[in-house]
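The values are calculated or read from the model by the stated rules, or taken from the named source; none is laboratory data. Treat the numbers as computed from the prediction; the structure is a model and nothing was measured. Heads up, the Cβs are rebuilt from the backbone with ideal geometry, glycines too, and the neighbour counts pull from every protein chain shown.
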Amino acid sequence: MMYSVRKNSFLGSYSARFLIILTCFLSVGQSNAQTGDDALRFAQRMPGLTASSMGMGGVGISGVTDASAFFNNPAGLGWATSSNVSGSLSALSTLDDGVFVAPSSMSQFKNDVTAAGIGSVSYLFKVPTTRGSMVVGAGFNQVSTFSRSLVFSGENNANSLTDYLMPVSGEFELQEDDDGVFPLFDRTLSFIGFETYAIDLDAVAVQNGDANPFVPAVNAGTVRQAGYVDESGRMMEINIGGAMEVAKDVMVGLTVSAPYGTYSFARELTENDFLNDNDGTNGTTDFKELQFNEQVESEIVGVNLRLGVSAKVNASTKVGLTIETPTWYAVEDVYSTKLATRFDNGDAFQYGGDSDDAGTGTFDYSFVTPWKVGMGAEYAVAGAKISADVEWIDWSQMELDSDGYSFFDENFDITRGLDAVTNVRIGASYDVGKTTLRGGLAMYPDPHNETSSNTSLDTDRVYVSAGATYNLADNMKIDFGWMAEAFEDEYAVYNEVNDAPIVTEDIIRSRVQIGFTFGF
């Protein structure tokens, strides 16, 4: 028996415990540093800001006159025929169809989350001019959402979270004082596991000088694993911009944009020795169950510039070009980690969540996105219109930075694991009396390449949309837009363990916007 009766024999003196905690705090910045995937999540945007733009798949680089021009091409503002105020309400539903896969189990679960809020608000002012056109304005627009929720459950006879908590060579150092042997950890999760007896030192292995003298609390049989992952929050943009006619039928525009938002991530994993395979006999512990929780709350703020040109080639054709500067983002993460364990003899241990605990704290960092270039064209005839956009962005140029941590490895992974992508949007509309009908399609490739992604998953994002506008009066209209997004994803329950369980996900996200525009 390893530790069916638990005691602090390996913790040593109070000074030794202080050294363990201090060492963990010195490594806490590194253990909670973010990756390129986190930055990518905050920087990627969904097509279709306004109800009318959403209905056409988010197209607009050729030049549109609603608030989506702040995002697609500010030069489009110059085509506005009057001043106006507009706004929209947005509703969202995300369905996550997950399949838990472990060596001994496969089970399917579905979960749905909804959210609602302001989609966009804008004011455009058409400046009186003697010649040409000049329009200035401001907007407040939702540019992405993080809402999704995953639940899972299944049996696992191959491994446990306690295997994931085990340190490897280079992540710990054994020390000894008058009270015994104790470890110093460079890995926060291993320290937390040690504090709760999810892992422990093996006295025999220590005496034999084994290179890794730790044992996990679960080392036999099958455990039942269950959990959830919740993500919420959204990114908004405050836009100030304008456009002017610099030559006949040629508009030039500029927007100053300040993206900001919040992101919340919470996950829980429980493990239960439901068959009592670990009963304290035959070299096992008397493990009963554990509960592991992690939470991250992120505050994000950034700034960028967008410049654009929109021109009429002839009476039916319009083209546009837009350039977006790199966006600089500052992020503050507030994170916490908790682990609780229980054993058959009634012992229970818990660590984490308090402000002075390892695995809990704040982390500040920044990142810069690449340049983005887009081109678009529109062809209109007899009440019908078709538009198309292409935009190019090289995500391998994204870069993370922090005053208290070197992102050398993470930035190398970004350069090696992310590629340039070309996003495509296509939309069409048709006027029927006072009503305009719309439809659209958008395709956003996954920027991860073969070195950083599971090639069996279809992680490219495909959007389909529909919408309509009804003109209530000459200066008043109501817009409706609907867009569905579909993609696949994969959640690793934990990693760095052979045959670790995963959850494959099919995600469908539906958005609806209802907007109003009042001209004057």
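Worth a mention:
- Residues within the stretch 198-239 that are in contact (Cβ under 8 Å) with a residue 60 or more places away in the chain, charged (D, E, K, R) and over 30 Å from GLU490 (Cβ atoms), tallied: 2
- Within the stretch 501-520, considering residues that are among the β-branched types (Val, Ile, Thr) and farther than 30 Å from ALA80 by Cβ, the one surrounded by the fewest Cβ atoms within 10 Å (Cβ to Cβ): ILE508
- Look at the stretch 103-114: where a residue is in contact (Cβ under 8 Å) with a residue 12 or more places away in the chain and a partner is assigned to a loop (DSSP other than H, G, I, E, B) and hydrophobic (A, V, I, L, M, F, W, C), sitting 6+ places away or on another chain with Cβ atoms under 7 Å, you get PRO103/ALA158; SER104/ALA158.
- For the stretch 340-387, the set of residues classified as in contact (Cβ under 8 Å) with a residue 60 or more places away in the chain and either touching a His at 6+ places or on another chain (Cβ under 7 Å) or of a type in the set (Asp, Glu) (or both) consists of ASP344, ASP347, GLU378, listed by residue number.
- Meets criteria (under 28 Å from ALA39 (Cα atoms) and assigned to a strand (DSSP E or B)) for ILE508: yes
- Screening GLY404 on (1) buried (at least 16 other Cβ atoms within 10 Å of the Cβ); (2) in contact with a Gly (Cβ under 7 Å, 6 or more places away or on another chain) shows it passes everything except condition (1).
- Top-ranked residue of the stretch 345-378 - restricted to ones that are surrounded by fewer than 16 Cβ atoms within 10 Å (Cβ to Cβ) and either more than 33 Å from the chain's Cα centre (by Cα) or acidic (Asp, Glu) (or both), ranked as nearest to ALA69 (Cα to Cα): ASP364
- Among (1) surrounded by fewer than 17 Cβ atoms within 10 Å (Cβ to Cβ); (2) touching a residue at least 12 places away in the same chain (Cβ under 8 Å), the one test that THR129 misses: (2)
- ASP356 vs. criteria out of contact with any helix residue (DSSP H, G or I) (no Cβ under 6 Å at 6 or more places or on another chain), of a type in the set (Asp, Glu) and assigned to a loop (DSSP other than H, G, I, E, B): yes
- Single residue of the stretch 137-184 satisfying the filter (in a strand (DSSP E or B) and β-branched (Val, Ile, Thr)) that is farthest from VAL101 (Cα to Cα): VAL181
- Screening TYR123 with (1) among the hydroxyl-bearing types (Ser, Thr, Tyr); (2) surrounded by fewer than 23 Cβ atoms within 10 Å (Cβ to Cβ); (3) closer than 27 Å to PHE487 by Cβ gives one miss only, at (3).
- Residues of the stretch 317-329 satisfying the condition of being of a type in the set (S, T, N, Q) and assigned to a loop (DSSP other than H, G, I, E, B): THR325, THR327
- Among the residues making up the stretch 407-455, those that are part of a loop (DSSP other than H, G, I, E, B), of a type in the set (D, E, K, R) and surrounded by 14 or more Cβ atoms within 10 Å (Cβ to Cβ) are ASP419, ASP446.
- Complete set of residues in the stretch 297-316 that are in contact with a helix residue (DSSP H, G or I) (Cβ under 9 Å, 6 or more places away or on another chain) and either β-branched (Val, Ile, Thr) or part of a loop (DSSP other than H, G, I, E, B) (or both): ILE300, VAL309
- Scan of the stretch 174-187 for residues that are in contact with a Ser or Thr (Cβ under 8 Å, 6 or more places away or on another chain) and surrounded by fewer than 15 Cβ atoms within 10 Å (Cβ to Cβ), ordered by number: ASP177, ASP178
- The criterion of being surrounded by fewer than 19 Cβ atoms within 10 Å (Cβ to Cβ), modelled with pLDDT under 95, out of contact with any Cys (no Cβ under 9 Å at 6 or more places or on another chain) and part of a strand (DSSP E or B) holds for GLU490.
- Residue check for PHE412: more than 18 Å from SER310 (Cβ to Cβ) and either free of Cβ contacts under 8 Å to residues at least 24 places away in the same chain or over 21 Å from the mean Cα position of the chain (by Cα) (or both): yes
- Out of PHE100, PHE70, PHE109, one residue alone is crowded, with 24+ Cβ neighbours inside 10 Å, among the aromatic types (Phe, Trp, Tyr) and under 24 Å from ASP460 (Cα atoms). It is PHE100.
- Filter result (farther than 30 Å from ALA91 by Cβ and assigned to a strand (DSSP E or B)) within the stretch 227-257: GLY242, ALA243, MET244, GLU245, VAL246, ALA247, VAL250, MET251, VAL252, GLY253, LEU254
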